[in-house]
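See structure below.
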Amino acid sequence: MMKIICTKENLHKGLFVASKSVDQKGSLPILSTVLLEAKNGLVKLSSTNLETGIVCFFGGIIKEEGRFAVPAKIFSDYIANLPTEKVEILGKNDLLTISSGSFKAEIKTLPSDEFPLMPKVKSEAVFSLSGAVFKKVLAKIIFAATPDDSRPEISGVCLDVKGDEIKGVATDGYRLAEGILETTQKAS
């Protein structure tokens, strides 16, 4: 059993982010879900396609802790169309009941113990930057990153952070872009 009360805005933003790594191809049904967990005063949303994984947290009122693997598209679409701000989620057995104002829906869930374990991230290379600084670095290099999924090794960007210098590099196999940004904000 699980019972959560949260804002539509927080839940919608979390689902938007977490849905980025949901498997759209449908090779395994559990990979098309978002793992919704309520624990220690936080709501955690996890998703993976077995190549990439995303975990995001937001605050909520946790009346009862629990975890459910919810079909991502159905869950996200329903939350996006809710008109009211407060959302109550009740999970029982294999059913998730979502209430908001006069709206109510039930979504059948998959067994949460089938959801793949997310690898632990080693904290040896953790840093924090403001969104504005991060956006400036990406703006200088993102045009050269390939949008082609057939070559995932070059579809991202490489960031090197040392002191007050942030270096970003991206390539699509033909172009190479490098952007260096000096900032007063030290990476921590």
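The values are calculated or read from the model by the stated rules, or taken from the named source; none is laboratory data. Keep in mind that this is a model prediction, so the values were computed, not measured. So basically every Cβ, Gly included, is an ideal-geometry build from the backbone, and we count neighbours across all protein chains shown.
Report, by residue number, each residue of the stretch 1-34 that is among the aliphatic types (A, V, I, L, M) and not in a loop (DSSP other than H, G, I, E, B).
Once the filter is applied, which keeps residues that are among the aliphatic types (A, V, I, L, M) and not in a loop (DSSP other than H, G, I, E, B), the stretch 1-34 yields 2, 4, 5, 11, 15, 17, 18, 30, 31, 34.
Quick one: which residue in 153, 124, 114, 88 is at pLDDT 90 or above, of a type in the set (Asp, Glu) and out of contact with any helix residue (DSSP H, G or I) (no Cβ under 9 Å at 6 or more places or on another chain)? Even if it seems obvious, please write down each step before you answer.
Numbers: 153 fails: at pLDDT 90 or above; 124 fails: at pLDDT 90 or above; 114 fails: out of contact with any helix residue (DSSP H, G or I) (no Cβ under 9 Å at 6 or more places or on another chain).
Only one candidate qualifies: 88.
Among the numbered criteria (1) of a type in the set (Phe, Trp, Tyr); (2) part of a helix (DSSP H, G or I); (3) surrounded by fewer than 18 Cβ atoms within 10 Å (Cβ to Cβ), which single criterion is violated by residue 75?
(3)
Yes/no matrix, rows are residues, columns are (1) without any contact (Cβ under 8 Å) to a residue 60 or more places away in the chain; (2) under 30 Å from residue 156 (Cα atoms); (3) aromatic (Phe, Trp, Tyr):
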site	(1), (2), (3)
7	no, no, no
15	no, yes, no
44	yes, yes, no
48	no, yes, no
64	no, no, no
69	yes, yes, no
77	yes, yes, no
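Among the strands (runs of 3 or more DSSP E) lying completely within the stretch 135-184, list those that include at least 3 residues that are touching a His at 6+ places or on another chain (Cβ under 6 Å) and surrounded by fewer than 16 Cβ atoms within 10 Å (Cβ to Cβ). Walk me through it before giving the result.
Working: elements: 158-162, 165-171, 176-182.
Of the strands (runs of 3 or more DSSP E) lying wholly inside the stretch 135-184, none has at least 3 residues that are touching a His at 6+ places or on another chain (Cβ under 6 Å) and surrounded by fewer than 16 Cβ atoms within 10 Å (Cβ to Cβ).
Listed here are the residues, each with its yes/no results for (1) touching a residue at least 24 places away in the same chain (Cβ under 8 Å); (2) touching a Phe, Trp or Tyr at 6+ places or on another chain (Cβ under 9 Å); (3) of a type outside the set (Lys, Arg); (4) assigned by TED's automatic domain parsing to the domain that holds residue 87.
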residue: 23; (1), (2), (3), (4): yes, no, yes, yes
residue: 26; (1), (2), (3), (4): no, no, yes, yes
residue: 30; (1), (2), (3), (4): yes, yes, yes, yes
residue: 34; (1), (2), (3), (4): yes, yes, yes, yes
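Condition check ((1) closer than 17 Å to residue 2 by Cα; (2) under 18 Å from the mean Cα position of the chain (by Cα); (3) of a type in the set (Val, Ile, Thr); (4) not assigned by TED's automatic domain parsing to the domain that holds residue 8) across all residues:
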{"position": "41", "(1), (2), (3), (4)": "yes, no, no, no"}
{"position": "63", "(1), (2), (3), (4)": "yes, no, no, no"}
{"position": "66", "(1), (2), (3), (4)": "yes, no, no, no"}
{"position": "74", "(1), (2), (3), (4)": "no, yes, yes, no"}
{"position": "87", "(1), (2), (3), (4)": "yes, no, yes, no"}
{"position": "93", "(1), (2), (3), (4)": "yes, no, no, no"}
{"position": "98", "(1), (2), (3), (4)": "yes, no, yes, no"}
{"position": "102", "(1), (2), (3), (4)": "no, no, no, no"}
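Out of curiosity, is residue 83 free of Cβ contacts under 8 Å to residues at least 24 places away in the same chain, outside any strand (DSSP E or B) and not assigned by TED's automatic domain parsing to the domain that holds residue 176?
yes
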